[in-house]
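Enquirer: Sharing a structure, written as C-alpha cells. Questions coming.
The values are calculated or read from the model by the stated rules, or taken from the named source; none is laboratory data. Since this is a predicted model, take the numbers as computed values, not measurements. Methodologically, a virtual Cβ is constructed for each residue, glycine included, from the backbone with ideal geometry; neighbour enumeration extends over all protein chains shown.
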Amino acid sequence: MRAWVLVMVLLTTPPLMGGAATPFQLGDQGGVIVPVSVNGAGPFPMLLDTGATHSAITAGLAAAVGAPAVAKSVVLSATGETVRAIVSVDRLGLGPIVTANVLPSVVDDGTLGAGIRGLVGQDVLARLRYTLDFKSREVEWHNEAPPRRGLLLDLVYEHGRFLVNLPQATRTLRLVPDSGAGGLVLFNAGESGHGLVETGHGISVRTADSSRGARQVRLRELRLGNRLLRDVPAVAIDRTDLRPAEGDGLLPLHLFERVTFDGPGRVLILG
C-alpha cells in the first residue's frame, strides 16, 4: 500500500424529493448522528461531521461489509495529523443521497463514541445543499439554493474542508464550521491577539487517533457578522504542527438552531 494525501470520490446525487429530511440524534458533545448504509448493509449510526475532510468507518464495519484496504493517508484532526489505512466502499447512502466509490479511512472500534460506526465528511458533503435543524433534529436536503435568511457567511474551500472568515476587532478569525465540535476550539490562541481569560486547569482533548493537552479559556468577544458574543467559553490548543488549511480553530454548529450549507453556492447560513 502507498501513502495518499488527497482522497477523491465520485459523487452520485439522485434527484431529491421536495422537503426530504433525515432524522438525526444529538450526541452528548453535540455531534450529529445519522443512519448511513454501507455497500447496501445497515443503516449504521454515523456522525455527520462537517469539519472532517473525508469519511471514516470503524475497523469492524470495514470487515463486516468487505471493504478492502487500498492505501494509506495522512489525516488531519484538532490534535494533529496521523496516518490511517484507506478502504474502498462501493456505495454509501445517507437519506436520499447515494455516493459511489468512497474511500474512507479506518479508525479503531469505539473511538468515535459508543455504537458509532463511522463518520461522513466533506468528501461526500461538499457538493450538497442541506440544513441541520437542531430544533427538530432533522437534516433537510435541498434541490436548489436554499433561502438566504439569517447570518450569511462565505465558505472558503481549502484542502478538503470549508472555512469561514470572521472579522474581529483586530484581525480575522478563520474557523472551520464543525458539526463534530463540542465547543469553540482555538489553535495557538496565545498568538492571536484576542483577549483571552484562563478559566480552568489544563484538560485533554481526544480525537479518534490521539489526545493532546489543552486549556480552558474564555474569549472576551466573538463577532459573527453583525452579532457580538461576549465571554464565550472555548478550548485553546497549542499546535506547532498547525497547517494553514486548518485555520484558527473550530466553530461548533450545535450552538445554533439552524445551519444551512450551500456547498455549490459557497455560503453558510446561520439561523
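Enquirer: What tally of residues in segment 150-166 results from selecting those that are of a type outside the set (A, V, I, L, M) and touching a strand residue (DSSP E or B) at 6+ places or on another chain (Cβ under 7 Å)?
Expert: To start, the set of residues in segment 150-166 that are of a type outside the set (A, V, I, L, M) comprises 150, 154, 157-162, 165.
Of the ones still in play, those that are also touching a strand residue (DSSP E or B) at 6+ places or on another chain (Cβ under 7 Å) are 150, 154, 161-162, 165.
Of the residues in that region, 5 qualify.
Enquirer: State whether the residues of segment 29-40 include one that is modelled with pLDDT under 80 and out of contact with any Asp or Glu (no Cβ under 7 Å at 6 or more places or on another chain). Explain how you work it out, then say what you get.
Expert: Within segment 29-40, the first condition is being modelled with pLDDT under 80, and the residues that meet it are 29.
The next check asks that each one be out of contact with any Asp or Glu (no Cβ under 7 Å at 6 or more places or on another chain); those that pass are 29.
Scanning segment 29-40 turns up at least one residue that is modelled with pLDDT under 80 and out of contact with any Asp or Glu (no Cβ under 7 Å at 6 or more places or on another chain).
Enquirer: Give the number of residues within segment 95-104 that are in a strand (DSSP E or B) and out of contact with any Ser or Thr (no Cβ under 7 Å at 6 or more places or on another chain). Don't jump to the end; show me each part of the working.
Expert: From segment 95-104, those in a strand (DSSP E or B) are 97-102; that's our starting set.
Among the residues that remain, those that are also out of contact with any Ser or Thr (no Cβ under 7 Å at 6 or more places or on another chain) are: 101.
The total comes to 1.
Enquirer: Do any strands (runs of 3 or more DSSP E) lying entirely in segment 124-176 carry at least 3 residues that are assigned by TED's automatic domain parsing to the domain that holds S37, in contact (Cβ under 8 Å) with a residue 40 or more places away in the chain and in contact with an Asp or Glu (Cβ under 8 Å, 6 or more places away or on another chain), and which ones are they?
Expert: Fully inside segment 124-176 and qualifying: 129-133.
Enquirer: For the list (1) in a strand (DSSP E or B); (2) under 19 Å from D49 (Cα atoms); (3) at pLDDT below 85, I need the number of the one condition that A245 fails.
Expert: (1)
Enquirer: Filter segment 132-144 down to residues that are more than 18 Å from V36 (Cβ to Cβ) and under 21 Å from the mean Cα position of the chain (by Cα) and give me whichever is surrounded by the most Cβ atoms within 10 Å (Cβ to Cβ). Spell out the reasoning first.
Expert: As a first pass, look at segment 132-144 and keep what is more than 18 Å from V36 (Cβ to Cβ): 133-136, 142-144.
Narrowing the set further to residues that are under 21 Å from the mean Cα position of the chain (by Cα) leaves 133-136, 142.
Numbers: D133: 17, F134: 20, K135: 9, S136: 13, H142: 18.
Among residues in segment 132-144 that are more than 18 Å from V36 (Cβ to Cβ) and under 21 Å from the mean Cα position of the chain (by Cα), the one surrounded by the most Cβ atoms within 10 Å (Cβ to Cβ) is F134.
Enquirer: If we scan segment 199-210, do we find a residue that is at pLDDT 85 or above and either part of a loop (DSSP other than H, G, I, E, B) or assigned by TED's automatic domain parsing to the domain that holds R137 (or both)?
Expert: Within segment 199-210, not a single residue is at pLDDT 85 or above and either part of a loop (DSSP other than H, G, I, E, B) or assigned by TED's automatic domain parsing to the domain that holds R137 (or both).
Enquirer: In segment 135-149, how many are touching a strand residue (DSSP E or B) at 6+ places or on another chain (Cβ under 7 Å) and not charged (D, E, K, R)?
Expert: Total satisfying the criteria: 5.
Enquirer: As an exercise: evaluate V87 against (1) under 22 Å from A64 (Cα atoms); (2) crowded, with 17+ Cβ neighbours inside 10 Å; (3) under 16 Å from the mean Cα position of the chain (by Cα) and give the number of the one condition it does not meet.
Expert: Only one criterion in (1) under 22 Å from A64 (Cα atoms); (2) crowded, with 17+ Cβ neighbours inside 10 Å; (3) under 16 Å from the mean Cα position of the chain (by Cα) is unmet by V87, namely (3).
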